[in-house]
Amino acid sequence: MLQFDDLRLRVGGTPILRGVTLEVAAGEAVGLVGESGSGKSMTVKSVVRLLPPGSRTEGAVRFDGVDVSSLDAAGLRRMRSRDVAMVFQDPRAVVNPVRTIGDFLTEVLRDQGVGRTEATRRAARALSEVGIGDAVRRLHQRPYELSGGLLQRVVIAAALLTGPRLILADEPTTALDVTTQEEVVAILNEQRAARQVALMFITHDLELAAAVCDRIAVMYAGEIVEVLPAAALHAGARHPYTRALLNSRPGAVAPGERLRTVPGVPQSALTAPPGCVFADRCPHAEARCREVRPVFDGSAACHLLEAR
Ligand code: SF4
Ligand code: MG
């Protein structure tokens, strides 16, 4: 359904993505994991062409086989309002603060010609589907009357209302407290699975990605360095960066031991060496690693793994 084909992106001349290749099948959930600045957000934003001014792309993103860069304004609008829904980190940045939850939810349906009564009925049902009770009262409330977790559920309800085939979720729970995070993730997961909607789930948390997704793509400095089934995360991770991320998890540290982090400073696509993007921090780096870019073999990009 969705295909990134050697996608390269420069913004104002600065390289952001250095060749992203990834596929998402219909109904599949793929986690995009990596540190800040690794290009996760830009990768998903390129699907709906929400890129900053001065962006230049090479390669392609295809949705249903159609290169999204070839869509005209109407085609892009149709894709954004019907096929693809987005859920971002901060729900308050998405909803209009002075309008009611009901206005927010019914707007997209009204735009599609659905009558007021029917739109309101569907909005109330959407709220109850994401676990919000007392839906009729909620429809009359304004965003400031709802907690961040409730509001994020409203955004998820809105995302599901138009029956999308793909949800792009960019750190949807990062701004929430841990308990609320778990609830919101559970609802997103449950609704997505029930409706067979595909998901691209951005997070810096490998464990969370594994809990939500079928497959995980690990990004570093504008490249995907490893793709693996979520179920194989612990036993199957091969790339030194993925292994380093796993070792830096709080759970990987014995009680009383200091929290480990991945040693070194996160790389950006701009300063990455011409060879392997992880060479500056990799404990296994050899001379050729800095010079020769490792080939992605379908699961990982690392010279060490090529030899085997
Ligand atoms: Fe480390 Fe070299 Fe593999 Fe890069 S290619 S991850 S530097 S061993
Ligand atoms: Mg981001």
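The values are calculated or read from the model by the stated rules, or taken from the named source; none is laboratory data. Note that the structure is a prediction, hence the values are computed from the model and not measured. Cβ placement follows ideal geometry from the backbone for every residue including glycine, while neighbour counts extend to all protein chains displayed. Just the protein is used for accessible areas: all its heavy atoms, side chains included, with ligands, DNA and RNA removed. Shrake-Rupley method; radii C 1.70, N 1.55, O 1.52, S 1.80 Å.
Out of the residues in the stretch 275-305 meeting the condition of being of a type in the set (A, V, I, L, M) and out of contact with any strand residue (DSSP E or B) (no Cβ under 7 Å at 6 or more places or on another chain), tell me which one is farthest from ligand 2 (Cβ to nearest atom).
The first filter runs over the stretch 275-305 and keeps only residues of a type in the set (A, V, I, L, M), leaving 277, 279, 285, 287, 292, 295, 300-301, 304-305.
Filter once more, so that each one left must be out of contact with any strand residue (DSSP E or B) (no Cβ under 7 Å at 6 or more places or on another chain): 279, 285, 287, 292, 304-305.
Working: A279: 23, A285: 27, A287: 33, V292: 29, L304: 29, L305: 28 Å.
If we take residues in the stretch 275-305 being of a type in the set (A, V, I, L, M) and out of contact with any strand residue (DSSP E or B) (no Cβ under 7 Å at 6 or more places or on another chain), then A287 is farthest from ligand 2 (Cβ to nearest atom).
Applying the condition of being of a type in the set (V, I, T), over 18 Å from the mean Cα position of the chain (by Cα) and in a helix (DSSP H, G or I) to the stretch 117-168 and asking which residue is nearest to V47 (Cα to Cα) yields V154. Scanning for something open to solvent by less than 40 Å² (accessible area, probe 1.4 Å), touching a residue at least 60 places away in the same chain (Cβ under 8 Å), hydroxyl-bearing (S, T, Y) and within 28 Å of A272 (Cβ to Cβ), does the stretch 214-224 turn up at least one residue? Among the residues of the stretch 214-224, at least one is open to solvent by less than 40 Å² (accessible area, probe 1.4 Å), touching a residue at least 60 places away in the same chain (Cβ under 8 Å), hydroxyl-bearing (S, T, Y) and within 28 Å of A272 (Cβ to Cβ), which makes the answer yes.
Rundown of residues vs (1) more than 24 Å from R153 (Cα to Cα); (2) part of a helix (DSSP H, G or I); (3) open to solvent by less than 10 Å² (accessible area, probe 1.4 Å), yes/no style:
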site	(1), (2), (3)
S38	yes, no, yes
V47	no, no, yes
E58	yes, no, no
R92	no, yes, no
P97	no, no, no
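When residues in the stretch 130-153 are screened for being under 18 Å from A194 (Cα atoms) and either in contact (Cβ under 8 Å) with a residue 60 or more places away in the chain or within 16 Å of ligand 1 (Cβ to nearest atom) (or both), 1 of them pass.
Within the stretch 32-43, is even one residue more than 16 Å from ligand 1 (Cβ to nearest atom), free of Cβ contacts under 8 Å to residues at least 60 places away in the same chain and at positive phi? Checked the stretch 32-43: no residue is more than 16 Å from ligand 1 (Cβ to nearest atom), free of Cβ contacts under 8 Å to residues at least 60 places away in the same chain and at positive phi.
Can you tell me which of E171, E183 is closer than 25 Å to A124 by Cβ and either touching a Gly at 6+ places or on another chain (Cβ under 9 Å) or surrounded by fewer than 23 Cβ atoms within 10 Å (Cβ to Cβ) (or both)? Reasoning before the result, please.
On the way: E171 fails: closer than 25 Å to A124 by Cβ.
That would be E183, the only listed residue that is closer than 25 Å to A124 by Cβ and either touching a Gly at 6+ places or on another chain (Cβ under 9 Å) or surrounded by fewer than 23 Cβ atoms within 10 Å (Cβ to Cβ) (or both).
Only a single item in (1) in a loop (DSSP other than H, G, I, E, B); (2) touching a residue at least 12 places away in the same chain (Cβ under 8 Å); (3) crowded, with 16+ Cβ neighbours inside 10 Å is not met by V114, and it is number (2).
Within the stretch 1-33, which residues are aliphatic (A, V, I, L, M) and not in a strand (DSSP E or B)?
First pass over the stretch 1-33, keeping only residues aliphatic (A, V, I, L, M): 1-2, 7, 9, 11, 16-17, 20, 22, 24-26, 29-30, 32-33.
Passing the criteria: M1, A25, A26.
The listed residues are G222, G256, and the only one of them that is at pLDDT below 95 and either at negative phi or touching a Lys or Arg at 6+ places or on another chain (Cβ under 8 Å) (or both) turns out to be G222.
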